[in-house]
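The values are calculated or read from the model by the stated rules, or taken from the named source; none is laboratory data. Model, not experiment: these values are computed from the prediction. Here Cβ is always computed from backbone atoms with ideal geometry, including for glycine, and neighbour counts include all displayed protein chains. Just the protein is used for accessible areas: all its heavy atoms, side chains included, with ligands, DNA and RNA removed. Shrake-Rupley method; radii C 1.70, N 1.55, O 1.52, S 1.80 Å.
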Amino acid sequence: MNANLYALFASKFPQDREACCIETHDGKYYSWNDLDRATAKIANLLLSLGLPPATRIAAQVEKSPEALMLYLATLRAGYVYLPLNTAYRADEIAYFIGNAEPAVVVCSPHNFGWVSQIAFKSGARHVFTLSEQRNGSLLERATHHADQCEAAVSQPDDLAAILYTSGTTGRSKGAMLSHGNLAANAKTLHAYWHWQHGDVLLHALPLFHVHGLFVASHGALLSGSKMIFLPKFDSAEVVRRLPQATIFMGVPTYYVRLLTEPAFDRAVCANVRLFVSGSAPLLLDTFNDFIERSGHTILERYGMSETNMLTSNPYLGKRVGGSVGLPLPGVSVRVMDEHGHACASDEIGAIQVKGANVFQGYWRMPEKTAEEFTEDGYFITGDVGKFDRDGYLWIVGRSKDLIISGGYNVYPKEIEAVLDEMEGVAESAVVGVPHADYGEAVLAIVVAKPGADLSADAMIAALKQKIANFKVPKHIVFVDELPRNTMGKVQKNILREQYGA
Ligand code: MCA
Ligand code: AMP
C-alpha cells in the first residue's frame, strides 16, 4: 500500500470536487478540483527538475492557499518539505539552508535577492518565488505542466518534512518527520476530535510550524472540510468570520486577544463546535473567562515538533483547565523520576513519549538523536510534568531552557550568543518573564564592558536586523554583574524573580 500522505488526503476528498476547499479572507474560492490540479502542476514542475529522491524543498513564503499547495505538491512528488518562518533573517536562513541543503528554495519575490544568494551559495539548484497574491516564478513555471500526477510511492518511514527546532545547546536541529509519523497523528486527531464532513475550519495560524501546517490543515484535509484562510491572526477578523466556522485552533495568545474583543460573545460562536489551544500553556484565567464569554470550553492539547501531538483533553469527557489532557490513542506517554522509574500519580518527573507519531531523528545528527532517546525507545521531551489520579497530564515546567512567546519558541542561548557578540557587551542572560499577551516575553539582562555606553533602544534595533523579530528582547536591563551560584552558573531563577514584574 502507498503510505504517501498526499495519497491519503486525496482518498478523503469529498465526492463533490467542485465544493469549496479553501476560501480566502479576500473572497477567493478554491475547489477540491483546484487543489488537486494545482498540486499536480507544482508536483510535476518539481519532478521535471530531475531531483534525486528525498530532496529537500525549502519554503519561506507568506501564508496563502498556494503555500499550502506547495507543501502538498512536495508530498505528492515524494520530496521533503522544509517550512521556514517568514520572520527569519539572513543569518538564520543561511543556517537552515546550509544545514538542510535543499535543492529547491521558494521565497517571497521581495526577498529573492538575498535568499537566492544564500541558496545558490549553499548548493541549491533552483530558487522560485511565490507571493501571497499568487504571483511569482513557481506558479508561472507550474502553469506549463500537466494537471494530473500520480502520488509518489512512499514507505511509512520515508521523510515528508523537516522542522527545525532549537536545542538547549548549539544550533537548531532538523526534526525529520515521515509520511507514517504525520499520517498516524493526523488520523488519531481526526477521530479524537470528531472531525466530520461539513466542518469548517477557521485557519488563522501560520503555515510554517506544526500547529498550522499539520494539526489544523491535516484535520480539514482528512475530513474533506472547508478551510477559511486568514493571512494572519487578527482578533477582529476572527470574530467576523467565526459565525461561518465550526472549528478554530490557536495558541493561547489568540484566546487572550479574542477576549479583548467587545463583539466576541456567544452569538459569534453559535456554530462553533470546537476551540483547540496548544503550543504554550493556556492560563486558567483565560480558560475560565472563555467559558463565561463564549459558553465554550477550550480543548487544550500538547505537542512538539519532534512528536506531533502527545496528549489532548477529551472531546466528549471532562476538559480540565490547566491540564493538557490524556495520552492520545496509540501514543505512550510516561513520567519518569531521575532513577528511571515511573512516577506515581501526582509525582513530578520527566515526560517521555513513544509511538508511531514520534519522529525519525534529527537531520544529520545521529549522536544528538541518540541522546534524546531512552534505551527502551522513549523520546525525552524536555518537559516536566505529572499525571493526576484521573490520568490527566499536567506540565509543570521544562528541563530545557526554552521561552515560548506567543506560541513561538525562543532559545535563550541563541539570543545570548548574539548579544555577547555586540560591541560593548561583556556578558548577558536571557530569560522569559510573564507577559499578559504573549504568555512569556523575552527579557535580556546585560553587563556592559567597562567604559561602554550601551543603549537598549539601539541594541534592540540592531538585533532586529539579525534575528527574527519575535526573538528580540522586549526589554534590556543593564546590571553590573549577573548573579551566579558557587559553580559559577548564572542564576536565572533570581533574574526571573527580580525582573518578572
Ligand atoms: C510577533 N511579535 C512577537 C510575536 N509575534 N513578539 C513576541 N512573540 C511573538 N509570538 C512581534 C513582532 O516582531 C512585532 O515586533 C510585534 O510583535 C507585532 O508584530 P505583528 O506581526 O503585528 O505580530 P502579531 O500579529 O501581534 O503576532 C502575534 C501572534 C503571532 C498573532 C501571536 O506571533 C502568531 O501567530 N503566533 C503563533 C505561533 C505558532 O503558530 N506557534 C505554533 C508553533 P515589533 O513591533 O518590535 O517589530 S507549533 C508548536 O509549538 C507545537 C508543536 C504545538 O504544540 O503546536
Ligand atoms: P516545538 O517543538 O517548537 O513545537 O515546541 C514544543 C514545546 O511546546 C513542548 O515541548 C512544550 O514545552 C510546549 N507546548 C506545546 N503545547 C503545550 C501546551 N499545551 N502547554 C504547555 N506547553 C506546551
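Descriptive notes on the structure:
- The equivalent ellipsoid of region 346-501 has semi-axes of 33, 18, 16 Å, largest first, where each one is the square root of 5 times an eigenvalue of the Cα gyration tensor.
- Amide H contacts of Gly78 (H built 1.01 Å from N, in plane; Pro and chain starts excluded): Ala152 sit under 5 Å, all sequence-distant by 5 or more or on other chains.
- With contributions of -39500 (n - 2.57) from each DSSP H run of at least four residues, the per-residue ellipticity at 222 nm computed over the chain stands at -8000 deg cm²/dmol.
- Pairs of alpha carbons in region 460-501 whose separation is greater than 16 Å (percent): 52 percent
- For region 1-157, the spread of Cα coordinates along the three principal axes comes to 46, 39, 26 Å, biggest extent given first.
- Rg/Rh for region 342-425, where both radii come from Cα atoms and Rh is the Kirkwood radius: 1.07
- Descending by average beta-carbon neighbour count within 10 Å, the peptides 189-199, 173-183 line up as 173-183, 189-199, the highest first.
- Expressed to the nearest 5 percent, the antiparallel share of DSSP beta bridges inside the chain is 60 percent.
- Descending by average beta-carbon neighbour count within 10 Å, the peptides 43-54, 100-111, 479-490 line up as 100-111, 43-54, 479-490, the highest first.
- Amide H partners (placed H, <5 Å) of Val127, local residues excluded: Val105
- Applied to region 117-132, the Karplus parametrisation 6.51 cos²θ - 1.76 cosθ + 1.60 on θ = phi - 60° returns per-residue 3J(HN,Hα) values of 4, 4, 5, 5, 4, 8, x, 5, 9, 9, 10, 10, 10, 8, 9, 6 Hz, with x for Gly and Pro.
- The P(r) of the chain has a tail past 36 Å containing 31 percent of all C-alpha pairs.
- Over the chain, relative contact order from alpha-carbon pairs under 8 Å, at least 6 apart, %: 12 percent
- Compactness index (Cα Rg / 2.2 N^0.38 Å), region 130-246: 1.26
- Atom-type composition of the exposed protein surface of the chain places 51 percent of the accessible area on carbon and sulfur (1.4 angstrom probe).
- Å² of accessible area per residue within region 216-322, as computed with a 1.4 Å probe and no ligands counted: 34 Å²
- Taking amide H positions as modeled 1.01 Å from N, with prolines and chain starts lacking one, the residues under 5 Å from Ala448 and 5 or more places away or on another chain are Ala426, Val479.
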